[in-house]
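For reference, the structure is listed below as structure tokens.
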């Protein structure tokens, strides 16, 4: 009888019309979120002013001398809007990477950082700050370091998982865990040797995640990358579904997963690397969003990827707004906030018996 | 569709498991593989359905060597129902069966009305139509196995491999699944533990022992007291009832086998 209950509650909103409606609702919500979020901030600006600035910058409508330059224009167009767009891109990327990573390692506990990416990023960031080759990389040296750290480690994980046999989800997880601890050890070693307090502080803050560094130069690269990667995974929904069935079953269904798994890993590592590059480490979103969507709409990736992309984007936009306003005149690192909101939500899912994390009743 | 294997050898971890298997399965034949645990039944089937690569020899489907075909091509010719599948994520029954259509799909391609019709039709065949919106992991073992069978049916193949799919199912479900497969009238290769059931469904039987074919023929020819003693080290009597159905009755080793 308990089984029946799960049945009713898990994936209650599975019908196709509901799914299409939901996509439209979320799209609308995303647009509204952007438009609302841009009016919220520590400096009090009137709504009319904000929209006139955006209108001027986007369509050259209105009075350029009033809205094309000056304090209001700077705040809206160079501070608030980039942050919101970046939040959207990063939220989308992390949520989608989370779904993909859970499929790759066939484990509902996986998040985008699971395969050594987080410790790789920390190592890269620490290296950039402490060893001081950062100056060679110019502007966002920490980000570049972290990006390379994350990407290189995720490649290494794949290589290690393939030594002495074909990689599979278990081997990837084990390789990820092993390389993760190597990276942490190296990070600690650098911190210990360098003895640079200011540097440690920089690393720590950076690892808490922040969208404050948003710049249009970065966004024009990152947003298209995230969108293209998301679209790519939508077209590969069938193979993602098969990842969950395992290698043997997939071969009998005509797909050899080996190459797909590596391709997906590289693409999601790029997504996470880009997110890390411009926003540091933002945990939990890549774990929470996929689970919430799965609980409501089921596991089919054809629906999950677009829904997660939209939900992740909206979630991070509002999380960032909360970061800006929760403490007056100051800003909370977004990683902290997301974890503070995310962990209770996750625990709620955990204690709700009807959601088996895809694992059914057990 | 014909399936043939020529001198197939497989080593697993340095141990030879299959030591040169030659088989020839004719079109629309229901062929059983019997043998004790560890004789290589499952390894042999896995090699045929390409999860394992033979170290030597070749497998032919309609005279075409398997290694010259893509996985998609073989999945259109050969469907597999294997041992109990456990999945860590929830799919609905519809989504599960729909995956049987994937050999016919490219990554970008959408699922068409025809695919959904095939899903309905296959669920109908296994008698699970009313379960279409249920979550797969919430079904019982017997129900799940029938859904997996429906997924295999959705592949629309001319042959099917059963890798002991009915192993821990109640006898009712075992017979149900085998009946469904038998009624398809396609080429079937199936591994069997239960000799009585093997005798009921098979046209031909291969008996394997330590990675070699030790006997081949119709159930009447293969399933004999001597073979059972050889293969399983168990005494038995093999009778035929008036319908011509073979019955194997096992005798406890202690009481009879030793006193003789």
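With respect to chain B, whose longest principal axis is taken over its alpha-carbon atoms, helix B:171-184 is tilted by about 70°.
Once you reduce segment A:143-176 and segment A:261-285 to the center of their Cα atoms, the two points are 13 Å from each other. Taking Cα atoms only, the orientation of helix B:141-154 departs from the longest principal axis of chain B by about 70 degrees.
How many angstrom lie between the Cα centre of segment A:37-67 and the Cα centre of segment A:298-335? So the two Cα centres are separated by 24 Å.
Contact order, relative form, for chain B: 25 percent (alpha carbon pairs under 8 Å, 6 or more residues apart, mean separation divided by residue count). For the modelled label position 7 Å from the Cα of residue B:72 along Cα-to-Cβ, which residues of segment B:104-127 have backbone nitrogen atoms closer than 17 Å? Hits in segment B:104-127 for residue B:72 at 17 Å: B:104-112, B:115. Can you classify the protein assembly as shown as rounded, prolate or oblate using the Cα gyration tensor, where a ≥ b ≥ c are the square roots of its eigenvalues, rounded means a/c under 1.5, and otherwise it's prolate if a/b beats b/c and oblate if not? Here the protein assembly as shown falls in the prolate category.
Between residue B:6 and residue A:263, the C-beta separation translates, for a Förster distance of 51 Å, into a calculated FRET efficiency of about 0.90. Each label point was placed 7 Å from the Cα along the Cα-to-Cβ direction; for residue B:237 and residue B:120 their separation is 5.4 nm.
How high is the relative contact order of chain A, in percent, with contacts defined as C-alpha pairs under 8 Å that are six or more residues apart?
29
Is the C-alpha gyration tensor of segment A:85-208 telling us rounded, prolate or oblate? Criteria: a/c under 1.5 is rounded; beyond that, a/b larger than b/c is prolate, otherwise oblate.
The shape class here is oblate.
Rounded, prolate or oblate: pick one for chain A, where a ≥ b ≥ c are the square roots of the eigenvalues of its C-alpha gyration tensor, a/c under 1.5 means rounded, and failing that, prolate if a/b is larger than b/c, else oblate. Oblate shape, in that a/c is at least 1.5 and b/c is the bigger or equal ratio. The orientation-averaged shadow of the Cα convex hull for segment A:153-241, equal to a quarter of the hull surface, comes to 8.8 nm². If you plug the beta carbon distance of residue A:163 and residue A:18 into 1/(1 + (r/R0)^6) with R0 = 51 Å, you get a FRET efficiency near 0.65. Bridge orientation summary for the protein assembly as shown: considering DSSP beta bridges with both residues in this region, about 65 percent are antiparallel. For segment B:140-191 versus segment B:33-75, the inter-centroid distance based on Cα atoms is 19 Å.
This ranking places A:51, A:56 by how few other beta-carbon atoms lie within 10 Å of each, fewest first, which gives A:51, A:56.
Between A:333, A:112, A:290, find the one with the highest GNM mean-square fluctuation for chain A; connect C-alpha pairs within less than 10 Å. Of the options given, A:333 has the highest mean-square fluctuation. At full extension, residue B:107 and residue B:179 could sit 22.5 nm farther apart than now, given 0.36 nm per residue minus the alpha carbon distance. Modelled spin-label separation between residue A:55 and residue A:205, with each label point placed 7 Å from Cα along the Cα-to-Cβ direction: 3.8 nm. Against chain B, whose longest principal axis comes from its Cα atoms, helix B:113-125 is set at around 30 degrees. Counting neighbouring Cβ atoms within 10 Å and putting the fewest first, the residues A:289, A:327, B:148 line up as A:327, B:148, A:289. Bridges between two residues of chain B, per DSSP, are antiparallel at a rate of about 65%. Remark: A:44, B:115 ranked as A:44, B:115, counting other beta-carbon atoms within 10 Å and listing the fewest first.
We did not get these values from a lab; they are worked out from the coordinates using the rules stated. Nothing here was measured: the structure is a model prediction, and the numbers come from that model. Note: ideal-geometry Cβ built from the backbone for every residue, glycine included; neighbour counts use all protein chains shown.
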